Amino acid sequence: MSIELGHFALILACAIALVSALGGLVFWRSGQRLAGVLAQSALLQFVLIAVAFLALVQAFATSDFSLALAANNSHSLKPLIFKISGVWGNHEGSLLLWILILVLFGALVAAFGRRLPADLFNLVQGTQSLLVAAFGGFTLFTSNPFARLVQPPLEGADLNPVLQDIGLAIHPPLLYAGYVGFSICFSFAIAALISGRIDQAWARWVRPWTMLSWTFLTLGIAMGSYWAYYELGWGGWWFWDPVENASFMPWLAGTALLHSALVMEKRNALKIWTVFLSIITFSLSLLGTFLVRSGILTSVHTFASDPTRGLVILTILAALIGGAFLLFALRASALRQGGLFAPISREGALILNNLFLATAVGAVLVGTLYPLLLDALTGTTISVGAPFFNLTFGALMAPLLLILPFGPLLPWKRADFVAAAQRLAGAAALAIFLTILVSSLGGLSISLAPLGLLLGFWVAFGSIAEVIERSRLGRVPFSESLRRLAGLPRSIWSTAIGHLGLGLTVLGIVSVTAWETENVTTLNPGERAELSGYTVSFEKFEQVPGPNYMADTGRFIVTAPSGGTTELDAERRTYVASGMPTTEAAIATYGLSQFYLQLGEPIDGTHVVRLWYKPYILLIWIGALIMAGAGILSLTDRRLRVGAPKRATKSVLEPAE
């Protein structure tokens with residue numbers, strides 16, 4: 001009965017969303033009365049979709065194999081956490097999770113958007129409801145998660161073994177919260193274009209939603225990167241896979257949107273560009289949705305291989321994205337440009353930031369889509385891999401990282417570049433010194449590594465220099481500096497911490513790229529291998545039963561150069577239901593570095609063992625967590641949390657004559 005209840009709740013939510021979309025987009029001038037109705041509708045949509053989603057969770061948790069989705073993607077022997085995560089480990093269930101987060105953000109706007117002007121609120125909720133109706137209809141008519149089986153099997157077919165991991169229980173919800181969160185920015189952009197209400201107050205409303213979505217997306221990408229690192233057994237953390245790129249492009253565009261909205265909020269400038277970024281960021285999120293569900297990619301990341309569904313999704317996306325850009329083309333020219341500023345200013349630095357980020361999005365987009373388009377149009381299959389992305393993306397990011405520390409130290413409207421450079425002299429000197437020291441001690445074998453180290457140290461120390469400059473440390477009594485630090489707005493702290501996290505991530509990437517070592521060998525129990533001063537002893541090999549798999553387990557003892565020992569178990573699992581094998585790598589952590597061990601298939605009675613030493617690799621994910629923490633800190637700033645003040649009935653901005 002719960003399955004039918006969930007199905008009915010999904011149908012009802014879609015019907016309410018369709019009515020709300022029509023009401024909000026057609027009768028948006030109806031004022032507070034309609035705003036109240038749409039707010040209640042948004043909350044009701046969330047409740048109904050939550051009921052539908054919980055119905056799926058119950059079916060998976062209780063192994064109800066009369067539900068086709070559970071029969072195809074679950075198994076009674078799976079641990080409970082993987083039964084629940086199996087709800088979104090497939091096309092239909094993940095799409096329902098997508099819609100759940102979509103209505104959640106709509107409900108949050110309804111709950112916290114009471115101070116929005118009624119006409120803007122109506123348009124935002126109308127656009128959000130249109131998205132719910134579109135994807136809800138797609139779910140009901142082409143991807144129904146509540147389909148029943150007339151003759152249920154006694155046992156399910158199980159979930160893809162590589163998805164039975166705690167990382168995949170966390171990664172998709174975080175990633176979707178980032179993807180879907182940008183729908184609010186999209187809805188605000190559509191509302192601004194229709195109403196002509198785009199000013200500093202609008203930017204103040206958009207920026208918290210952008211920050212929230214960006215934070216979730218940062219966490220989702222970081223979690224997915226670490227999952228790929230330890231679960232797939234390839235020893236890598238990023239592969240420029242098309243689906244990885246599909247999440248990275250909205251992150252880059254969202255980063256640009258954060259900085260652009262800041263210029264608009266502070267200086268009432270970059271209005272048209274900010275609206276454009278609001279549309280393009282969510283459009284890139286929708287592109288990712290198409291890539292993983294259209295069947296044009298073969299990857300552990302993808303959920304569907306049905307071209308018919310892909311065509312329907314493409315039609316929906318063309319209507320939504322095409323309609324948004326058509327509206328932008330018709331209305332953008334009627335909007336005033338806003339304040340003026342000198343090229344050397346904080347606004348100028350942020351525009352340069354946007355230029356590099358937008359170009360990076362374009363480079364990744366071309367590298368991702370060009371092989372697909374070429375294959376579709378000519379039948380020619382090519383591969384655009386890491387060399388292309390590393391070269392183009394690295395060339396774009398290097399100058400961006402170089403100018404990044406200058407931005408926060410430049411005043412608005414007009415600035416003195418030389419004065420800012422003088423304030424960063426200490427950070428530059430320290431960065432150069434540490435780069436020379438680390439390069440000398442590490443014995444770098446690739447020529448660009450010192451440049452990467454220099455940029456990482458430069459960004460990290462530059463962020464610290466900003467805080468030191470604002471506290472006037474060394475120029476006023478220490479107690480006065482502490483008082484200044486305590487009085488700094490949280491937005492300033494979040495900027496400095498976010499840039500620090502980026503610098504640490506760059507240092508981690510450069511370090512593991514420059515100093516990583518690898519050894520592929522064959523070992524039998526009792527034999528040893530060495531790598532970078534570490535000694536690996538193969539102690540024993542045995543078969544160990546798991547809850548729904550059998551594991552060939554190798555016990556290894558790793559002796560560090562310092563003499564300490566660590567016991568590691570590396571496994572090759574074969575799952576009972578599907579017979580599919582997976583590799584579970586063994587990882588030992590030494591400070592910020594890791595020793596990575598993979599047990600391969602036996603060959604002629606011996607076992608293939610792959611060893612990696614990955615220096616300072618944890619800086620990659622520590623930096624990402626620090627960036628996400630900076631986003632959370634920024635959201636606690638009262639100026640963002642409260643949002644725009646209550647507006648007058650008449651728009652501050654009138655269309656240009």
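Starting from residues that are surrounded by fewer than 21 Cβ atoms within 10 Å (Cβ to Cβ) and touching a Ser or Thr at 6+ places or on another chain (Cβ under 8 Å), keep the ones in region 56-97 and report whichever is farthest from residue 162 (Cα to Cα).
Across region 56-97, the extreme among qualifying residues is 58.
May I ask you to say which residue of 239, 138 is outside any helix (DSSP H, G or I) and either of a type in the set (Phe, Trp, Tyr) or surrounded by 22 or more Cβ atoms within 10 Å (Cβ to Cβ) (or both)?
Details: 138 fails: outside any helix (DSSP H, G or I).
Result: 239 is the single residue among 239, 138 that is outside any helix (DSSP H, G or I) and either of a type in the set (Phe, Trp, Tyr) or surrounded by 22 or more Cβ atoms within 10 Å (Cβ to Cβ) (or both).
Is one or more of the residues making up region 48-63 of a type outside the set (D, E, K, R) and more than 30 Å from residue 158 (Cβ to Cβ)?
Of region 48-63, the ones of a type outside the set (D, E, K, R) are 48-63.
In the following step, the residues that additionally are more than 30 Å from residue 158 (Cβ to Cβ) were identified as 48.
So far as region 48-63 goes, yes, one or more of its residues are of a type outside the set (D, E, K, R) and more than 30 Å from residue 158 (Cβ to Cβ).
With the structure loaded, tell me whether residue 463 is more than 25 Å from residue 352 (Cα to Cα) and touching a helix residue (DSSP H, G or I) at 6+ places or on another chain (Cβ under 8 Å) or whether it fails that test.
On the way: more than 25 Å from residue 352 (Cα to Cα): no; touching a helix residue (DSSP H, G or I) at 6+ places or on another chain (Cβ under 8 Å): yes.
No: the conditions fail for residue 463.
State yes or no: is residue 10 closer than 23 Å to residue 118 by Cα and out of contact with any Cys (no Cβ under 9 Å at 6 or more places or on another chain)? Even if it seems obvious, please write down each step before you answer.
On the way: closer than 23 Å to residue 118 by Cα: no; out of contact with any Cys (no Cβ under 9 Å at 6 or more places or on another chain): yes.
Considered against the rule, which asks whether it is closer than 23 Å to residue 118 by Cα and out of contact with any Cys (no Cβ under 9 Å at 6 or more places or on another chain), residue 10 comes out as no.
Here are some conditions: (1) in contact (Cβ under 8 Å) with a residue 40 or more places away in the chain; (2) more than 30 Å from residue 334 (Cα to Cα). Residue 199 meets all but one. Which one does it not meet?
(2)
Given the conditions (1) modelled with pLDDT under 85; (2) within 31 Å of the chain's Cα centre (by Cα), which single one is not true for residue 449?
Every condition holds for residue 449 apart from (1).
Count, please, the residues in region 438-483 that happen to be part of a helix (DSSP H, G or I) and closer than 18 Å to residue 401 by Cβ. Don't jump to the end; show me each part of the working.
Filtering region 438-483 down to residues part of a helix (DSSP H, G or I) leaves 438-442, 449-471, 478-483.
With the extra rule that they be closer than 18 Å to residue 401 by Cβ, the set shrinks to 438-439, 449-466.
Residues that pass the stated criteria total 20.
Name the residues in region 404-423 that are loosely packed, with under 14 Cβ neighbours inside 10 Å and either of a type in the set (A, V, I, L, M) or at pLDDT 90 or above (or both), would you? Outline the logic, then answer.
Looking only at region 404-423, we keep the residues that are loosely packed, with under 14 Cβ neighbours inside 10 Å, and these are 411, 416, 418-419, 421-422.
The answer is 418, 419, 421.
Determine which member of the set 393, 328 is assigned to a helix (DSSP H, G or I), of a type outside the set (Val, Ile, Thr) and closer than 19 Å to residue 502 by Cα. Explain how you work it out, then say what you get.
Working: 328 fails: closer than 19 Å to residue 502 by Cα.
On inspection, the qualifying residue turns out to be 393.
Answer yes or no: is there a residue in region 255-268 that is among the polar types (S, T, N, Q), in a loop (DSSP other than H, G, I, E, B) and either modelled with pLDDT of 85 or more or outside the structural domain of residue 404 (by TED's automatic domain parsing) (or both). Don't jump to the end; show me each part of the working.
Going residue by residue through region 255-268, those that are among the polar types (S, T, N, Q) are 255, 260, 268.
Now restrict to residues that are in a loop (DSSP other than H, G, I, E, B): 268.
Pick out the ones that are also either modelled with pLDDT of 85 or more or outside the structural domain of residue 404 (by TED's automatic domain parsing) (or both) and you get 268.
Yes, there is a match, as at least one residue in region 255-268 is among the polar types (S, T, N, Q), in a loop (DSSP other than H, G, I, E, B) and either modelled with pLDDT of 85 or more or outside the structural domain of residue 404 (by TED's automatic domain parsing) (or both).
Just give me the residues in region 347-387 being of a type in the set (Ser, Thr, Tyr) and either under 24 Å from residue 254 (Cα atoms) or touching a residue at least 40 places away in the same chain (Cβ under 8 Å) (or both), in sequence order. Before you say what the answer is, go through the steps one by one.
Within region 347-387, the subset of a type in the set (Ser, Thr, Tyr) is 359, 368, 370, 378, 380-381, 383.
If the condition is that a residue be of a type in the set (Ser, Thr, Tyr) and either under 24 Å from residue 254 (Cα atoms) or touching a residue at least 40 places away in the same chain (Cβ under 8 Å) (or both), then 359, 368, 370 are the ones that fit.
Scan region 576-590 for residues that are out of contact with any Gly (no Cβ under 7 Å at 6 or more places or on another chain) and either among the charged types (D, E, K, R) or at pLDDT 90 or above (or both) and jot them down.
584, 586, 587, 588, 589, 590
Please pick out the residue among 463, 481, 447 that is closer than 21 Å to residue 502 by Cα and small (Gly, Ala, Ser). Give the derivation first.
On the way: 481 fails: closer than 21 Å to residue 502 by Cα; 447 fails: closer than 21 Å to residue 502 by Cα.
The match here is 463.
Strands (runs of 3 or more DSSP E) wholly in region 585-629 with at least 2 residues that are closer than 30 Å to residue 216 by Cβ - which ones? Full working, then the answer.
Numbers: elements: 586-590, 593-603, 606-614.
By residue number, 586-590, 593-603.
Just to be sure before I move on: is residue 442 crowded, with 19+ Cβ neighbours inside 10 Å and either touching a His at 6+ places or on another chain (Cβ under 8 Å) or in contact (Cβ under 8 Å) with a residue 60 or more places away in the chain (or both) in the structure I sent? If you could, list the steps in order and put the result at the bottom.
Numbers: crowded, with 19+ Cβ neighbours inside 10 Å: no; either touching a His at 6+ places or on another chain (Cβ under 8 Å) or in contact (Cβ under 8 Å) with a residue 60 or more places away in the chain (or both): yes.
No.
Within the group 390, 354, which residue is of a type in the set (S, T, N, Q), farther than 27 Å from residue 449 by Cβ and modelled with pLDDT of 90 or more?
Working: 390 fails: farther than 27 Å from residue 449 by Cβ.
None of the others qualify; the one that does is 354.
Would you be able to say whether some residue in region 635-649 is among the basic types (Lys, Arg) and modelled with pLDDT of 90 or more? Don't jump to the end; show me each part of the working.
Within region 635-649, the subset among the basic types (Lys, Arg) is 638-639, 641, 646-647.
Still in the running and modelled with pLDDT of 90 or more: none.
No, every residue in region 635-649 fails to be among the basic types (Lys, Arg) and modelled with pLDDT of 90 or more.
The values are calculated or read from the model by the stated rules, or taken from the named source; none is laboratory data. Predicted, not measured: the structure shown is a model, and the values here were computed from it. Reconstructed Cβ throughout: ideal geometry from the backbone, glycine too, with neighbour counts over all protein chains shown.
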